[in-house]
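Enquirer: Here's a structure for you.
The values are calculated or read from the model by the stated rules, or taken from the named source; none is laboratory data. What you are looking at is a predicted structure, and each value in this text was computed from that prediction instead of being measured. Here the Cβ is made from the backbone with ideal geometry for all residues, glycine too, and neighbour counts use every protein chain on show. Side chains included, ligands, DNA and RNA excluded: accessible areas come from the protein's heavy atoms. Shrake-Rupley method; radii C 1.70, N 1.55, O 1.52, S 1.80 Å.
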Amino acid sequence: MRAAPYAPYRSGPPRFQVALAPIALDDWLQPDIEAATLDARRHWLNRPETCYRRDANAAQSETEAARLVMGASGSPPPDRKLCLIDAARQVSDDLVVLDRVGEVWTVTSLILTSPTFFSVDQAFGAGLGVLHGPVPGGDKLSHRIARIFDHLQPDTVLERFNWTLQPGADRFTPDSAPLIERAKCAGPADAARLLHLRVERQTIRRLPGSGGVLFTIRVSIDPVAAIASSDRAALASAWRGISEQGHRYKRWDAIDPLAKTLFAEWGV
């Protein structure tokens, strides 16, 4: 079992802020620490109706995004028109292209094989305000993100992290209901076996040719046993420290009894 690769809870509970930081261009998509999931990902990519949407009027930005991703993955893009599925076969990251449609940054093409409680149809064609509407402080947050998109420079990559605990290792989770039901049916003895840390590593990058923005989401899922013992107290503190509003948004109510049992077993 590998060690959990990311520990964003060390920075405290989720605060629903922009929290983007620049990273080196060479660190954008490589190394792909989730490359082992590519075979399972192809199950969804071979069924594009489950995970892929595109606006034919935004083909330029989609093709540009696909070429950028394939180049960064070490797979030279072929000399033909490309779509996001071509790029998604080379990297584990979900890919979301946004273009400015009028005054609104809008999702014009996307691949989602590891969605965290939203579907490809909910995201496709949505603006930043709609995407962040359910998030605590979402209106203010969406305006801040729009300003960042407006001023994002080519060859600048910005990175941030989201995290949660979930019951099981499911990766394709457009709907939270099955996980919530699983958590409700679990007993205290199941906590350490069932709970997994789910982390989203998110990046944004300008598409200089089309003027769009590419948003990438790399999901890592590890059993809580993979969390270093030295990090256990930080995870428990971050879990307990989230706001009531954030707790509801994250849908932690059903998972909370399992988390409390786990932390008690850990003595933190």
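Enquirer: Near A4, within a Cβ-to-Cβ distance under 12 Å, what is the net charge of the other residues, with Lys and Arg +1 and Asp and Glu -1? Intermediate results must be reported in sequence, preceding the final value.
Expert: Details: positive: R2, R10, R198, R232; negative: D222, D231.
Cβ neighbours under 12 Å give a net charge of +2.
Enquirer: Could you tell me the largest-minus-smallest coordinate of the C-alpha atoms of the chain on each of the three principal axes, in descending order and whole angstroms?
Expert: If we take the Cα atoms of the chain, the spans are 56, 39, 34 Å.
Enquirer: Okay, next question. Please give the residues of segment 151-188, grouped as numeric ranges, whose backbone N is less than 18 Å from a label point set 7 Å along the Cα-to-Cβ vector of A21.
Expert: 156-164
Enquirer: Another question, if that's okay. Compute the separation of the alpha-carbon centres of segment 237-268 and segment 50-128 and state it in Å as a whole number.
Expert: When both Cα centres are located, 34 Å separates them.
Enquirer: Once ligands and nucleic acids are excluded and a 1.4 Å probe is used, how much of R100 is accessible, expressed in Å² to the nearest 10?
Expert: Its heavy atoms expose roughly 100 Å² to the probe.
Enquirer: So for the pair Q153, N57, with labels modelled 7 Å out along Cα→Cβ, what separation do we get in nm?
Expert: Taking the simple label geometry, Q153 and N57 are separated by 3.3 nm.
Enquirer: Once the Cβ-Cβ distance between W266 and R10 is put in as r, and R0 is 22 Å, what FRET efficiency do you end up with, to the nearest 0.05? If you can, show how the numbers build up before the last one.
Expert: On the way: r = 16 Å, r/R0 = 0.72.
Efficiency computed from Cβ-Cβ geometry: 0.90.
Enquirer: Hey, another quick one. Kindly report the accessible area of segment 1-160 per residue (heavy atoms of protein chains, probe 1.4 Å, no ligands, DNA or RNA), in Å².
Expert: Values: 7900 Å² over 160 residues.
Roughly 49 Å² per residue, with all protein chains present.
Enquirer: Taking the mean number of other Cβ atoms within 10 Å as a proxy for protection, how do you rank 39-51, 207-219 from highest to lowest? Write down the numbers at each step before the final one.
Expert: Numbers: 39-51: 14.8, 207-219: 20.5.
By packing density, highest mean first, the sequence is 207-219, 39-51.
Enquirer: Using 7 Å Cα-to-Cβ label points, what is the A35/R47 separation (nm, one decimal)?
Expert: Between A35 and R47, the simple spin-label model gives 2.7 nm.
Enquirer: Related question: Taking θ as phi - 60°, what are the ³J(HN,Hα) couplings along segment 214-224 by the Karplus curve (6.51, -1.76, 1.60), each to the nearest whole Hz, with x for Gly and Pro?
Expert: Couplings: 9, 10, 10, 9, 9, 9, 10, 10, 9, x, 4 Hz.
Enquirer: Which residue, T113, T173, T203, tops the fluctuation ranking in a GNM of the chain built on C-alpha contacts under 10 Å?
Expert: T173
Enquirer: Please report, in debye to the nearest 20, how large the charge dipole of the chain is about its Cα centre when each Lys and Arg carries +1 at its beta carbon and each Asp and Glu carries -1 there. Walk me through the numbers before you get to the answer.
Expert: Numbers: 32 positive and 31 negative charges, 73 e Å.
Using only the charged Cβ atoms, the result is roughly 340 debye.
Enquirer: With a 1.4 Å probe and all protein chains left in place, how much of the accessible area of the chain comes from carbon and sulfur atoms, in whole percent?
Expert: Numbers: 6400 of 12270 Å².
The computed percentage sits at 52.
Enquirer: Subtract the Cα-Cα distance of A189 and F118 from 0.36 nm times their separation in residues, and report this length gain in nm to one decimal. The partial results should precede the final answer.
Expert: Values: separation 71, 0.36 × 71 = 25.56 nm, distance 2.98 nm.
Extending this stretch completely gives an extra 22.6 nm.
Enquirer: If you don't mind, there's one more thing I want to ask. Excluding G137 itself, calculate the net charge of residues whose Cβ lies under 13 Å from the Cβ of G137, where each Lys or Arg counts +1 and each Asp or Glu counts -1. Don't skip to the answer; put the middle values down first.
Expert: Details: positive: R15, K140, R144; negative: D139.
Taking every Cβ under 13 Å from that of G137, the sum is +2.
Enquirer: Specify the residue with the greatest mean-square fluctuation among G168, G127, G187, computed from a Gaussian network of the chain linking alpha-carbon atoms under 10 Å apart.
Expert: Of G168, G127, G187, the Gaussian network model singles out G187 as fluctuating most.
Enquirer: Another one. Rounded, prolate or oblate for segment 69-109? Axes are the square roots of the Cα gyration tensor eigenvalues, ordered a ≥ b ≥ c, and the cut-off for rounded is a/c under 1.5. Please report the intermediate quantities before stating the final value.
Expert: Values: a/c = 2.93, a/b = 2.01, b/c = 1.46.
Since a/c reaches 1.5 and a/b is larger than b/c, the shape of segment 69-109 is classed as prolate.
Enquirer: Please give me the summed charge of the neighbours of N162: other residues whose Cβ is under 10 Å from its Cβ, Lys and Arg +1, Asp and Glu -1.
Expert: Details: positive: R160, R198, R201, K250; negative: E200.
Counting the neighbours of N162, the net charge comes to +3.
Enquirer: Let me know the number of lysine pairs in the chain closer than 30 Å at the Cα, not counting same-chain pairs under 8 apart. Show your work: numbers first, answer last.
Expert: On the way: K140/K250; K184/K250; K184/K260; K250/K260.
For the chain, qualifying lysine pairs total 4.
Enquirer: What does the C-alpha gyration tensor say about the overall shape of segment 131-242? Classify as rounded when a/c is under 1.5, otherwise prolate if a/b is larger than b/c, or oblate. Can you show the working numbers first?
Expert: Details: a/c = 2.27, a/b = 2.07, b/c = 1.10.
In terms of gyration-tensor shape, prolate.
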